[in-house]
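Encoded as structure tokens, the structure appears first; notes follow it.
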Amino acid sequence: MSILNKSDANEGFEDGYLEGYRFGGCQAVLERVVKLNLPGKSKYRVLYISQGFEAIDCGVIQALQDLTAQCIVGAPESALALAASARPDLVLVMNGLHVFPPGYEEQIRAIREMGIHTAIWFVDDPYFTDDTGRIALSYDVVFTHEVECVELYRRIGHKRVHYLPLAANPAMFRPVRTSPEYRYDICFIGNAFWNRVEIFDQLASYLQDKKVFIAGMHWDRMANYSKLSPSIQQDWIVPEKTVSYYNGSKIVINIHRPATTGSDNRNGMNIPGGSINPRTYEISSCGTLQITDIRSDLTLYYEPGYDIETFTDAAELREKIDYYLNHDQERLHIAWRSLWTTRQKHTFHERIVRLLAELNIP
């Protein structure tokens, strides 16, 4: 049931009231989150090589700074020089893709020859396994966020492979008060992979009379693009604005990209995607209702119907959007529980504790 009826106030007042009510509930949740019982700082000095994706890098760097004796941050082109001068216990590489130059593995091998341990955390699996399968053996330890890829790295001969899911950076993805330009009924931020295009093509007529925000590249792939074009921003949204859109929207949709090989992926072995993406944690960490498609490990982290909502096809997604747009209290309760779950269990501090425990560096 809606908290306010349209007859009680104009739409602008209702939006402002709901936003204040949502934000106040988020603050109450955060006051009840039990602070993680983190171990003391480890003895390790870590050189962290970032991938240049702020949403993940910032969370990992903060956790390393809080949990290790020293965290030095470097870019791919400076890794070898920094390792030679700083002599860290560990060089931790984030992803090793996209911004890393060809032949980067030669630098990693040179670092290992210095007696410095190396690890990589793959966070784009399984979409680029044609590349990650080639570079994994250059590292002492491999971490992957994708549960379906653990066996791949073991099969190619790597003896130290660990499943390490992603998380939210609570310093970035957090409840914030939003101004009216960020308030929408429905929000989706992400590129137009073909499975996403199919969903929104099916929903286009239904969404036309809703307040909708869609952002990302290639949405002109849609057959029904003209129906939603006023609601589409074909551009990259920086994390700070993404946070505002997540907070301001009543419902944020999450659709995982398809894992099969094709123009958008380099996954020649067609390894399926079983693990949830970083958006799952980031949306939840903002204290808003998320409706997501289902990955096999989702229920390890969230409980559908309790702290997240799910859908299997466009018809079910439409039905649940309709329901939660008309049941504010239920929508907000799920959002608040999702915030609690994420802050209590799924931050980068928790993940880095697990990563450090697996290293066994002398």
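Put a dot 7 Å past the Cα of H333, heading toward its Cβ, do the same for D313, and the two dots end up 3.0 nm apart.
Counting only whole DSSP H helices of the chain, the ones at least 20 Å long by C-alpha along their axis and with mean Kyte-Doolittle hydropathy no lower than -1.0 are 11-32. Charged neighbours of V147, selected by a Cβ distance under 15 Å, balance to -1 (K, R count +1; D, E count -1).
So if I take the centroid of the Cα atoms in segment 316-348 and the same for segment 282-307, what is the distance between those two points in Å? Taking the Cα centre of segment 282-307 as reference, the centre of segment 316-348 is 8 Å away.
Each Cα pair of segment 264-362 feeds into the Kirkwood radius, which the Stokes-Einstein equation turns, at 4 °C and 1.567 mPa s, into a diffusion coefficient of 85 µm²/s.
Here the spin labels are modelled as points 7 Å beyond Cα on the Cα-Cβ line, and at F23 and Y306 they lie 3.0 nm apart. Its DSSP H runs of at least 4 residues, each contributing -39,500 (n - 2.57), put the calculated 222 nm mean residue ellipticity of the chain at -12000 deg cm²/dmol, to the nearest 500. Each peptide among 330-341, 242-253, 211-222, 106-117 gets the average number of other Cβ atoms lying within 10 Å of its residues, and from highest to lowest they stand as 242-253, 330-341, 211-222, 106-117. For mean projected area of the Cα convex hull in nm², the value computed from the atomic coordinates appears in the list [x] 16.1; [y] 20.4; [z] 18.0 under label [z].
Our analysis of segment 44-104 gives Rg over Rh at 0.95, with the two radii drawn from alpha carbon positions and Rh computed by the Kirkwood formula.
Zone of K241 (label point 7 Å along Cα→Cβ, backbone N under 19 Å): which residues in segment 160-187? What the label zone holds, given the 19 Å backbone N cut-off, is 172-174, 176-187. On full extension, the segment bounded by E113 and S85 gains 8.6 nm, given 0.36 nm per residue less the C-alpha separation.
Seen from a random direction on average, the alpha-carbon convex hull of segment 201-307 projects onto 7.8 square nanometres. Here the peptides 285-296, 62-73 are ranked by packing, the mean other Cβ count within 10 Å, and the order with the highest first is 285-296, 62-73. Pairs of Cα atoms nearer than 8 Å and 6+ residues apart set the relative contact order; for the chain it is 19 percent. Neighbours of I56 by Cβ distance under 12 Å: Lys/Arg scored +1, Asp/Glu scored -1, total -2. Could you give the length gained by full extension between Q70 and Y323, i.e. 0.36 nm per residue of separation minus their alpha carbon distance, to one decimal place? Contour length minus Cα-Cα distance gives 86.1 nm.
DSSP finds beta bridges in the chain, and of those with both partners inside it, around 5 percent are antiparallel. Given the pairs K41/K241; K227/K320; K35/K320; K35/K211, which are separated by over 29 angstrom at their Cα positions? Long pairs (Cα-Cα over 29 Å): K41/K241; K35/K320; K35/K211.
Extension gain for N195-H98 works out to 32.6 nm (0.36 nm per residue, less the C-alpha to C-alpha distance).
Readers should treat all values here as calculations from the given coordinates under stated rules, not as data from a laboratory. Values in this document were obtained by computation on a predicted structure and should not be read as measured data. In this analysis, Cβ positions are derived from the backbone assuming ideal geometry, glycine residues included, and neighbour counts consider all displayed protein chains.
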